[in-house]
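*Asks:* I have a structure here, written as structure tokens, and I will follow up with some questions on it.
The values are calculated or read from the model by the stated rules, or taken from the named source; none is laboratory data. The model shown is predicted, which means the values in this text are computed figures rather than measured ones. Glycine gets a Cβ as well: all are built from the backbone with ideal geometry, and neighbour counts include every protein chain shown.
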Number of protein chains: 2
Amino acid sequence: MKRLVLEKKVLSENDRIAARLRAQFAEHGIYCLNFISSPGSGKTSLLERTLERMPPGRRVAVLTGDIQTDNDARRLARFGFPVKQITTAGACHLDASMIERALADWSLNDLDLLLIENVGNLVCPTSYDLGEHAKIVVLSVTEGEDKPLKYPATFHKASLMILNKTDLLPHVPFDWRLARSYAWEVHPTLEVILVSCLNGEGLGEWCEWLDRKCGESAVVAAGEASAR
Amino acid sequence: MKRLVLEKKVLSENDRIAARLRAQFAEHGIYCLNFISSPGSGKTSLLERTLERMPPGRRVAVLTGDIQTDNDARRLARFGFPVKQITTAGACHLDASMIERALADWSLNDLDLLLIENVGNLVCPTSYDLGEHAKIVVLSVTEGEDKPLKYPATFHKASLMILNKTDLLPHVPFDWRLARSYAWEVHPTLEVILVSCLNGEGLGEWCEWLDRKCGESAVVAAGEASAR
């Protein structure tokens with residue numbers, strides 16, 4: 001019981017910092033996404049394919065979380081955008097204070113888009129608001145159709161499910177329509193895009209989704225600025 | 001800081017219950033394994049293939065943990081052995097008290113082998129001793145070679161790594177020798193078995209491992225009983 005009370009306190013402290021981050025993102029017109037998945041679902045590969053398709057002039061940065069190693073940051077830094085690794089040293093999720101510290105020495109005026117790759121974990125990251133505009137859950141077709149039912153909180157809170165590794169569909173007993181219907185049981189308006197980071201399927205649709213969201217966010221930010 | 005102190009208290013309470021479980025397993029000559037992996041690495045499939053290959057007379061039972069759903073218990077119950085689902089209702093891992101409660105109405109005298117399938121999570125379950133003789137980490141070949149480096153605690157504490165879904169090796173950019181060498185960086189004496197639950201590769205070797213461990217455990221238990 002004591003533990004529950006303390007966990008609630010930790011979460012409400014996290015929410016306070018997340019609200020501060022959200023206000024900063026609004027002020028600087030930054031659109032922010034929080035990518036959540038199991039280990040090995042392909043978050044880093046998706047970000048690699050996304051960065052190499054960035055339209056000219058898009059000012060994007062990446063924060064990538066892991067318990068150990070800076071492998072992901074090294075993979076992502078090759079595309080020339082600012083990338084920072086957050087090593088959580090045992091913690092199973094990113095929290096808002098880690099994001100705040102990581103952003104402290106970046107000029108937010110120079111950013112339009114912030115992509116946050118969470119620690120590979122389909123459970124704990126969901127509880128920690130990072131001030132993002134939307135969560136994206138990545139599920140790979142090798143993981144079994146029933147994951148949305150087994151980990152409902154993550155699929156409920158996400159705005160978009162990326163169903164990744166579709167190139168493997170011929171080789172795995174995975175019915176993607178069933179996985180989508182399970183996801184819709186948990187979250188009926190969840191958007192779904194099928195993607196293969198290996199053969200490129202669906203990456204155009206995903207980049208259009210991202211462009212559209214950045215555009216909508218910029219319109220909202222401009223409206224708020226003119227109202228001030 | 002306060003949180004850290006409380007977490008330590010929770011873990012030491014867990015260790016106390018785990019020690020009690022371990023004593024019970026010893027008393028009743030039960031060999032107990034704790035299976036840990038990412039969501040979708042194939043723990044349930046591995047247990048299905050294991051149960052259908054059980055030698056006659058082996059008295060085995062399964063506890064399977066999930067945040068929601070009893071899908072896994074229903075899959076595993078088809079083989080005629082006692083199976084119980086532990087639904088953690090949000091918790092990202094099994095703990096020793098959950099195991100103790102689940103075992104309360106089973107006669108331990110009727111068991112030789114207890115297989116515990118943890119919640120799909122490569123991080124948190126590792127911290128919670130369940131009184132098991134050994135942890136087994138299941139890694140699938142779709143997850144990327146560097147997972148042992150990114151989640152070192154789990155691979156460090158495991159006695160055996162099952163490298164699952166080897167049937168997909170021709171279709172994924174995964175070098176299993178590299179994954180094994182990363183695992184050995186973290187844990188030089190980690191045993192490794194390559195398995196496909198689809199085409200059966202490696203299942204014989206895995207069942208022999210299990211037989212050997214059950215046999216060794218029975219010899220130890222008999223020695224302890226005669227010394228009493």
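*Asks:* Looking at (1) within 24 Å of B:Ser217 (Cβ to Cβ); (2) touching a helix residue (DSSP H, G or I) at 6+ places or on another chain (Cβ under 6 Å), can you tell me which one B:Ala134 breaks?
*Replies:* The number of the failed condition is (2).
*Asks:* How many of the residues in region B:195-220 are modelled with pLDDT under 95 and crowded, with 18+ Cβ neighbours inside 10 Å?
*Replies:* 2
*Asks:* Another question, then. For region B:108-126, how many residues meet the condition of being under 10 Å from B:Ser37 (Cβ atoms) and charged (D, E, K, R)?
*Replies:* Residues meeting the conditions: 1.
*Asks:* So is B:Asp105 among the acidic types (Asp, Glu) and either touching a residue at least 60 places away in the same chain (Cβ under 8 Å) or closer than 30 Å to A:Gly120 by Cα (or both) or not?
*Replies:* When the stated conditions are applied, B:Asp105 does not pass them.
*Asks:* Does region B:156-174 hold any residues that are under 27 Å from B:Glu132 (Cβ atoms), touching a helix residue (DSSP H, G or I) at 6+ places or on another chain (Cβ under 8 Å) and not in a helix (DSSP H, G or I), and which are they? Reasoning before the result, please.
*Replies:* The initial filter retains those residues of region B:156-174 that are under 27 Å from B:Glu132 (Cβ atoms), namely B:156-166.
Still in the list and also touching a helix residue (DSSP H, G or I) at 6+ places or on another chain (Cβ under 8 Å): B:156-157, B:160-164, B:166.
Across region B:156-174, the qualifying residues are B:Leu160, B:Met161, B:Ile162, B:Leu163, B:Asn164.
*Asks:* Next question, about the same structure. Select from region A:26-46 the residues that are within 15 Å of the chain's Cα centre (by Cα) and assigned to a helix (DSSP H, G or I) and write down the one among them that is farthest from the other protein chains (Cβ to nearest Cβ).
*Replies:* Per the stated criteria, the residue is A:Leu46.
*Asks:* A further question follows. Could you tell me which residue of region B:175-194 is surrounded by the most Cβ atoms within 10 Å (Cβ to Cβ), considering only residues that are part of a strand (DSSP E or B) and β-branched (Val, Ile, Thr)? Full working, then the answer.
*Replies:* So the first thing to find is which residues in region B:175-194 are part of a strand (DSSP E or B), and the list is B:191-194.
From the residues that got through so far, the ones that are β-branched (Val, Ile, Thr) too are B:192-193.
Details: B:Val192: 14, B:Ile193: 18.
So, considering only residues that are part of a strand (DSSP E or B) and β-branched (Val, Ile, Thr), the one surrounded by the most Cβ atoms within 10 Å (Cβ to Cβ) is B:Ile193.
*Asks:* Tell me, yes or no, whether region B:146-153 has at least one residue that is surrounded by fewer than 19 Cβ atoms within 10 Å (Cβ to Cβ), of a type outside the set (S, T, N, Q) and more than 10 Å from every other protein chain (Cβ to nearest Cβ).
*Replies:* No, every residue in region B:146-153 fails to be surrounded by fewer than 19 Cβ atoms within 10 Å (Cβ to Cβ), of a type outside the set (S, T, N, Q) and more than 10 Å from every other protein chain (Cβ to nearest Cβ).
*Asks:* Select, from B:Arg20, B:Arg53, B:Arg58, the only residue that is over 18 Å from B:Lys213 (Cα atoms) and more than 14 Å from chain A (Cβ to nearest Cβ). If you could, list the steps in order and put the result at the bottom.
*Replies:* Values: B:Arg53 fails: over 18 Å from B:Lys213 (Cα atoms); B:Arg58 fails: over 18 Å from B:Lys213 (Cα atoms).
It is B:Arg20.
*Asks:* Of the residues that make up region B:103-119, is at least one buried (at least 18 other Cβ atoms within 10 Å of the Cβ), under 29 Å from B:Lys9 (Cβ atoms), within 10 Å of another protein chain (Cβ to nearest Cβ) and touching a Ser or Thr at 6+ places or on another chain (Cβ under 8 Å)?
*Replies:* Within region B:103-119, one or more residues are buried (at least 18 other Cβ atoms within 10 Å of the Cβ), under 29 Å from B:Lys9 (Cβ atoms), within 10 Å of another protein chain (Cβ to nearest Cβ) and touching a Ser or Thr at 6+ places or on another chain (Cβ under 8 Å).
*Asks:* Filter region B:83-97 for residues that are touching a Phe, Trp or Tyr at 6+ places or on another chain (Cβ under 9 Å) and not in a loop (DSSP other than H, G, I, E, B) and give the result.
*Replies:* Once the filter is applied, which keeps residues that are touching a Phe, Trp or Tyr at 6+ places or on another chain (Cβ under 9 Å) and not in a loop (DSSP other than H, G, I, E, B), region B:83-97 yields B:Lys84, B:Ala96.
*Asks:* Could you grab me the full set of residues in region B:99-122 that are in a loop (DSSP other than H, G, I, E, B) and out of contact with any Gly (no Cβ under 8 Å at 6 or more places or on another chain)?
*Replies:* Hits for region B:99-122 are B:Ala104, B:Asp105, B:Trp106, B:Ser107, B:Leu111, B:Asn121.
*Asks:* Scan region A:47-81 for residues that are assigned to a helix (DSSP H, G or I), of a type in the set (D, E, K, R) and in contact with a helix residue (DSSP H, G or I) (Cβ under 9 Å, 6 or more places away or on another chain) and jot them down.
*Replies:* Selection gives A:Glu48, A:Arg49, A:Asp72, A:Arg75.
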